[in-house]
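The values are calculated or read from the model by the stated rules, or taken from the named source; none is laboratory data. Keep in mind it's a predicted model, so treat the numbers as computed, not measured. As a convention, Cβ positions derive from the backbone with ideal geometry for all residues, glycine included, and neighbour counts pool all protein chains shown.
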């Protein structure tokens with residue numbers, strides 16, 4: 001039993017945040033519901049998919065009655081969207097129904113027992129740190145595209161988060177490419193690392209913004225909790241041993257080339273139009289102060305682009321999946337990046353002077 005009133009715009013904003021976890025689930029229909037709690041003039045909405053949980057809270061006016069209720073999240077969201085802006089929504093429940101009215105609109109929704117709603121157990125954090133929201137957002141954007149998808153090596157289906165006394169770092173790899181993003185810290189005493197599941201990383205990316213507001217991370221061996229203003233995001237972790245990623249990096253490259261990120265991306269986008277469907281491969285040829293980027297396909301169609309650059313070393317050829325490079329270049333604008341590799345080419349490493357602690361690695365194709 002509960003009773004409260006709330007501004008339509010405020011309620012819609014809360015509902016949209018918790019609804020990102022709602023999916024149709026025929027085997028466990030309770031997951032299509034959200035838990036609504038009113039306590040001490042605070043409204044809290046909760047959604048879960050069993051591995052991840054989102055809580056969103058906001059203040060209410062004084063005239064309310066405390067309680068819990070569990071109701072269809074999609075239906076409630078649709079009702080709220082249909083109500084005009086600047087309206088006040090009035091909600092009240094009994095043992096079996098939720099009654100919603102606003103202006104001349106009236107709705108009755110069936111409710112289910114809140115006792116059936118699965119809540120992730122509260123955990124005691126072993127690590128607590130506070131970072132700017134934009135730092136976490138930046139690290140996720142720099143790395144998430146390199147995560148594996150349904151790989152049998154389950155520990156690759158997520159992102160490594162590593163914290164030590166000097167820095168915080170995120171690492172993602174699918175075995176064909178790798179992305180590392182780091183920021184310096186001076187607040188931690190010992191190494192701590194966890195693997196955050198792919199779905200949780202993608203949901204976190206939706207919740208975070210490029211703002212400087214402080215964001216708290218609470219971590220133990222089984223869970224991570226991220227406090228983003230009035231949102232509490234909790235996720236289970238992947239139990240596994242992440243690969244030794246630093247051994248992959250090139251420390252003494254034979255070739256080091258500076259190239260404009262925007263020019264390279266535009267060239268790849270044009271050339272890849274005629275790349276093969278299976279590998280989306282493009283071919284790089286470095287020679288006599290230029291790079292030639294080409295692609296061809298099963299229909300014997302060809303695309304070629306030439307970029308001038310300051311390279312007069314040994315001629316180098318390799319092929320690579322164009323989307324892998326474009327995913328990396330999406331993080332850069334009209335600035336120069338550094339391509340590093342050895343001869344023969346076993347990996348291609350990309351760095352950027354604006355973020356010297358970030359590294360991107362791509363394996364060439366063997367065609």
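No other residue among 321, 310, 296 is farther than 28 Å from residue 170 by Cβ and modelled with pLDDT of 95 or more apart from 296. Just one of the listed residues (143, 173) is buried (at least 20 other Cβ atoms within 10 Å of the Cβ), out of contact with any strand residue (DSSP E or B) (no Cβ under 6 Å at 6 or more places or on another chain) and over 30 Å from residue 58 (Cα atoms), and it is 173.
Could we say that residue 138 is over 16 Å from residue 224 (Cα atoms), in a helix (DSSP H, G or I) and touching a residue at least 12 places away in the same chain (Cβ under 8 Å) here? It is true that residue 138 is over 16 Å from residue 224 (Cα atoms), in a helix (DSSP H, G or I) and touching a residue at least 12 places away in the same chain (Cβ under 8 Å). Condition first: surrounded by 15 or more Cβ atoms within 10 Å (Cβ to Cβ) and not in a helix (DSSP H, G or I). Now tell me which residues in the range 1-17 satisfy that. Matches in the range 1-17: 2, 3, 4, 5, 6, 7.
Check the range 44-51 and report whether any residue there is in a loop (DSSP other than H, G, I, E, B), buried (at least 18 other Cβ atoms within 10 Å of the Cβ), out of contact with any strand residue (DSSP E or B) (no Cβ under 8 Å at 6 or more places or on another chain) and touching a residue at least 24 places away in the same chain (Cβ under 8 Å). Among the residues of the range 44-51, at least one is in a loop (DSSP other than H, G, I, E, B), buried (at least 18 other Cβ atoms within 10 Å of the Cβ), out of contact with any strand residue (DSSP E or B) (no Cβ under 8 Å at 6 or more places or on another chain) and touching a residue at least 24 places away in the same chain (Cβ under 8 Å), which makes the answer yes. Across the range 27-43, the qualifying residues are those that are assigned to a strand (DSSP E or B) and in contact with a helix residue (DSSP H, G or I) (Cβ under 9 Å, 6 or more places away or on another chain), and the one among them that is farthest from residue 64 (Cα to Cα) is 33.
Being exposed (fewer than 15 other Cβ atoms within 10 Å of the Cβ), free of Cβ contacts under 8 Å to residues at least 60 places away in the same chain and within 26 Å of residue 22 (Cβ to Cβ) is the filter here; which residues of the range 181-228 pass it? Within the range 181-228, 202 is the sole residue that qualifies.
On inspection, residue 241 fails the criterion of being surrounded by fewer than 16 Cβ atoms within 10 Å (Cβ to Cβ), modelled with pLDDT of 95 or more and not in a strand (DSSP E or B). Taken over the range 280-305, the residue count meeting the criterion of being surrounded by fewer than 15 Cβ atoms within 10 Å (Cβ to Cβ) and either out of contact with any strand residue (DSSP E or B) (no Cβ under 6 Å at 6 or more places or on another chain) or in a loop (DSSP other than H, G, I, E, B) (or both) is 7. If you filter the range 206-230 down to residues that are in a strand (DSSP E or B) and touching a helix residue (DSSP H, G or I) at 6+ places or on another chain (Cβ under 6 Å), you find that the one that is nearest to residue 57 (Cα to Cα) is 228. If I go through the range 52-73 residue by residue, how many of them are within 18 Å of residue 91 (Cα to Cα) and either in a loop (DSSP other than H, G, I, E, B) or in contact with a helix residue (DSSP H, G or I) (Cβ under 7 Å, 6 or more places away or on another chain) (or both)? Qualifying residue count, the range 52-73: 13.
The residues in the range 329-351 that are in contact with a strand residue (DSSP E or B) (Cβ under 8 Å, 6 or more places away or on another chain), within 15 Å of residue 178 (Cβ to Cβ) and modelled with pLDDT under 95 can be counted, and the count is 0. Evaluating residue 84 against the criteria (1) within 31 Å of the chain's Cα centre (by Cα); (2) in a loop (DSSP other than H, G, I, E, B) leaves one unmet condition, (1).
Please state which of the following conditions residue 24 fails to meet, knowing it meets all the rest: (1) in contact with a helix residue (DSSP H, G or I) (Cβ under 7 Å, 6 or more places away or on another chain); (2) touching a residue at least 24 places away in the same chain (Cβ under 8 Å). Unmet for residue 24, out of (1) in contact with a helix residue (DSSP H, G or I) (Cβ under 7 Å, 6 or more places away or on another chain); (2) touching a residue at least 24 places away in the same chain (Cβ under 8 Å): (2).
Each residue in the range 153-179 was checked for being over 16 Å from the mean Cα position of the chain (by Cα) and not in a strand (DSSP E or B), and 8 pass. If the condition is being assigned to a loop (DSSP other than H, G, I, E, B) and free of Cβ contacts under 8 Å to residues at least 40 places away in the same chain, then the range 94-130 contributes 96, 103, 104, 121, 122.
Selection of the range 244-261 for residues being under 23 Å from residue 314 (Cα atoms) and assigned to a loop (DSSP other than H, G, I, E, B) yields 249, 250, 251, 252, 253, 254.
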